[in-house]
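Right, one structure below, let's go through it.
Rule-based calculations on the coordinates, nothing more; no lab input. What you are looking at is a predicted structure, and each value in this text was computed from that prediction instead of being measured. Cβ atoms come from the backbone with ideal geometry, glycine included; neighbour counts cover every protein chain shown.
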Amino acid sequence: MIIIGLTDGEIAGFITFEGGTRVRKRHRGEMGIAVLRKYWSLGIGGLLLEVLIEWAKETQIVRKIDLVTRADNKTAIALYERYGFRKEGVLTRNLYIDGIFFDAVSMGLVID
C-alpha cells in the first residue's frame, strides 16, 4: 500500500506499508516514509503516520507496524516516538553510504 501526501498538486511525501503474506506474519508489516526536504517540519510526516495508523486500526488485521531508520536520524526517531513507536533493537552497520557504515534502529508500534 502507498499513501501519497499532495501539496498544491505536488507530491510532498508518501508512506508505504507492506504486510506479511504468510498466516503467521500477516498481522504485521513494515512501513517506509519519505517527505521532500522543502516540506520538512510542516507536519506532513505526522499526517501520513496518522492515516496509516488509523487504517491499520480499521483493518483489524494489522496488529503491528514495524520500521527501520538510521540511528543518527534523531528527528525521525522523535516523530515515531510521538506516535507511539518504541525502539526494539539496533542493527549495526546496517547501511553503507559513501564509504561509511551507519547503524539503524528497529522500531515497532503495536495496534491493540
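Looking at Glu88, Glu30, Glu54, Glu18, can you tell me which residue is among the acidic types (Asp, Glu) and either without any contact (Cβ under 8 Å) to a residue 12 or more places away in the chain or touching a His at 6+ places or on another chain (Cβ under 7 Å) (or both)? Steps first, please.
Numbers: Glu88 fails: either without any contact (Cβ under 8 Å) to a residue 12 or more places away in the chain or touching a His at 6+ places or on another chain (Cβ under 7 Å) (or both); Glu30 fails: either without any contact (Cβ under 8 Å) to a residue 12 or more places away in the chain or touching a His at 6+ places or on another chain (Cβ under 7 Å) (or both); Glu18 fails: either without any contact (Cβ under 8 Å) to a residue 12 or more places away in the chain or touching a His at 6+ places or on another chain (Cβ under 7 Å) (or both).
Exactly one of Glu88, Glu30, Glu54, Glu18 is among the acidic types (Asp, Glu) and either without any contact (Cβ under 8 Å) to a residue 12 or more places away in the chain or touching a His at 6+ places or on another chain (Cβ under 7 Å) (or both), namely Glu54.
Listed here are the residues, each with its yes/no results for (1) touching an Asp or Glu at 6+ places or on another chain (Cβ under 8 Å); (2) within 16 Å of Met1 (Cα to Cα); (3) crowded, with 16+ Cβ neighbours inside 10 Å; (4) not small (Gly, Ala, Ser).
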residue	(1), (2), (3), (4)
Phe17	yes, yes, yes, yes
Thr21	no, yes, no, yes
Met31	yes, yes, yes, yes
Ala71	yes, no, yes, no
Tyr96	no, no, no, yes
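Yes/no matrix, rows are residues, columns are (1) within 23 Å of Leu36 (Cα to Cα); (2) more than 17 Å from the chain's Cα centre (by Cα):
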site: Asn73; (1), (2): yes, no
site: Ala78; (1), (2): yes, no
site: Glu81; (1), (2): yes, no
site: Gly84; (1), (2): no, no
site: Val90; (1), (2): no, no
site: Asp98; (1), (2): yes, yes
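When Gly46 is evaluated against the numbered criteria (1) touching a Lys or Arg at 6+ places or on another chain (Cβ under 9 Å); (2) under 18 Å from Val110 (Cβ atoms), which criterion, by number, is the only one it fails?
Here Gly46 meets the rest and fails (2).
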